[in-house]
Each structure stands twice: as structure tokens, then as C-alpha cells.
Amino acid sequence: MSFITRGFTGRGRERDDRLPPGQTLVGDFPVLSAGPTPDIDTADWEFTIRTESGAQHSWNWDQLMALPIEDVTTDIHCVTHWSKLGTGWRGVALDTLFEGVDTDYAYTMAHSYGGYTTNVPLDDLLDGKAWIAFEFDGEPLDPEHGGPARLLVPHLYFWKSAKWVRGLVMMEDDEPGFWEQNGYHLRGDPWKEERYW
Ligand SMILES: Nc1nc2c(c(=O)[nH]1)N[C@H]1C(S)=C(S)[C@@H](COP(=O)(O)O)O[C@H]1N2
Ligand SMILES: [Mo]
């Protein structure tokens, strides 16, 4: 029986089935930023969804805080092969923000303070799959991790989770954002290892 016991207790060799292919667990929270960390006061913060009609739906910080707030526990996966399991966030679901938005376009471009962009299909933002997150681990989101608020789209590689997010522009066609123009996959599903294209 000893070989069976060893098989079940040899944790070093076991692969957590929450870990997508090619990923490795980390305990810390690496910072990956393509540029400097912008300094954004919540008093100046605004988030805007712009549609094909030219309509702009905007929320300032107080308006965001007045919306239904959700606690989210989720795994995150960076294309550079690190994953964290069971991370805790607090934010507002994109479903809530899109409630009053009328659009026929199926794609979005997320824009950040500082100029970062990333494209995300609208389907990947709705049905409880994405949030504007402003707390991590029970604390206000660190500026280096995207504070005061970032997009959180945990079922896609983490480059889709735009830090310092300031808005979404609806797009008729899928167009590449910053990393996608530099070779990252247009969608980025970690379970299909959609890393590069
Ligand atoms: N605005 C902005 N958002 C960004 C990035 C960035 O450089 N700028 N990097 C992306 C990448 S590649 C990753 S892996 C995650 C890293 O988030 P973290 O620094 O909180 O770990 O943020 C994503 N969002
Ligand atoms: Mo990344």
C-alpha cells in the first residue's frame, strides 16, 4: 500500500487541477507594468463606456461606490506562467455597468490612465465574468496593482485585466490592444494556452 500512500501525499508532484497548462503557482503577487504607475486620486477618477451612437455612460468614484458591490474569490493567470489561486477582490460587476448601455457591437477596447489598451469581447465581460475591482485582500487596491481601480477578467490571461482602467469603447470588430499588437493572442484563454499569435 505504501506506493499508493506516497502517490496521494507526494504533494510536490501533484498538479492542482485549477492550474491551467504551463502555469506555475506563486505565493507573492508579482507586478507587471509596461510603464510607470500613474497617480490617480479617486476625486479625479472617472470610468466611461462609449458606444457606437456616441453615447457616453460615466461614473465617478462616489457613483461607482453606490452601485452593488461584489466580493469575488478567483484564480488569476499571467501569460508569463505564474498563477495565483483563490485571490480575493471587491468590485462592481460589468453586468451592472452595462445595464443601461445600448449597443449592437460585440467587442470592446479597454483604455487605461497612462495609455495602456487591451481588447476584450463583450461576452467575456458579462454574465458575472468581469468586474471593476478596487480592493484586493480586503485592502484598497495598491497603485502598482492598478489602484484605485482595475478591470478584473480572471478567466482570461491577466494582461486583459487593465490596471488604472478609465473606460471601454465599444467596437464593431475585434482590434488588437497594446500587448495584442505586440504578439499576444487576441483573446487569451489560459485553458487553451492562447498566449501568442
Ligand atoms: N494599465 C496597464 N494594465 C495592465 C498592464 C500594464 O502594463 N498597464 N499589464 C498587464 C499585465 S501583462 C499583467 S500580467 C497584469 C499584471 O497585474 P499586476 O501587476 O497586478 O500583477 O496587468 C495587466 N494590466
Ligand atoms: Mo502579463
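The values are calculated or read from the model by the stated rules, or taken from the named source; none is laboratory data. Note that the structure is a prediction, hence the values are computed from the model and not measured. Here Cβ is always computed from backbone atoms with ideal geometry, including for glycine, and neighbour counts include all displayed protein chains. The protein model used for the area step is the full one, side chains on, heavy atoms only, and it has no ligands, DNA or RNA in it. Shrake-Rupley method; radii C 1.70, N 1.55, O 1.52, S 1.80 Å.
List of remarks:
- Scanning region 120-144 for residues that are more than 9 Å from the chain's Cα centre (by Cα), within 12 Å of ligand 1 (Cβ to nearest atom) and buried (at least 20 other Cβ atoms within 10 Å of the Cβ) turns up VAL120, PHE136, LEU141.
- When ARG90 is tested against (1) open to solvent by 40 Å² or more (accessible area, probe 1.4 Å); (2) in a strand (DSSP E or B); (3) within 16 Å of ligand 2 (Cβ to nearest atom), just one condition goes unmet, and that condition is (3).
Residue-by-condition table, conditions (1) part of a strand (DSSP E or B); (2) surrounded by fewer than 20 Cβ atoms within 10 Å (Cβ to Cβ); (3) at pLDDT below 95; (4) away from ligand 1 (no atom under 13 Å from the Cβ):
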| position | (1), (2), (3), (4) |
| --- | --- |
| ASP71 | yes, yes, no, yes |
| THR80 | no, yes, no, no |
| GLY86 | yes, yes, no, yes |
| TYR105 | no, yes, no, yes |
| GLY115 | no, yes, no, no |
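- Just one of the listed residues (THR37, THR42, THR51) is within 16 Å of ligand 1 (Cβ to nearest atom), among the hydroxyl-bearing types (Ser, Thr, Tyr) and at pLDDT 95 or above, namely THR37.
- Consider region 164-192 and keep the residues that are open to solvent by 80 Å² or more (accessible area, probe 1.4 Å) and among the charged types (D, E, K, R). The one that is nearest to ARG150 (Cα to Cα) is ARG166.
- Of residues in region 35-64 being loosely packed, with under 13 Cβ neighbours inside 10 Å and in a loop (DSSP other than H, G, I, E, B), the one nearest to ligand 2 (Cβ to nearest atom): GLY35
- Scanning region 107-120 for residues that are in contact with a strand residue (DSSP E or B) (Cβ under 6 Å, 6 or more places away or on another chain) and away from ligand 2 (no atom under 16 Å from the Cβ) turns up TYR107, THR108, MET109, HIS111, TYR113.
- Selection of strands (runs of 3 or more DSSP E) fully inside region 121-197 by the criterion of at least 3 residues being more than 15 Å from ligand 2 (Cβ to nearest atom), modelled with pLDDT of 95 or more and within 13 Å of ARG90 (Cα to Cα) returns 131-136.
- GLY128 being in contact (Cβ under 8 Å) with a residue 24 or more places away in the chain and in contact with an Asp or Glu (Cβ under 9 Å, 6 or more places away or on another chain): yes
- Pairs, first on the phi > 0 side of the Ramachandran plot in region 16-42, second among the acidic types (Asp, Glu) and open to solvent by 40 Å² or more (accessible area, probe 1.4 Å), C-beta under 9 Å, six or more apart: GLY22/GLU193
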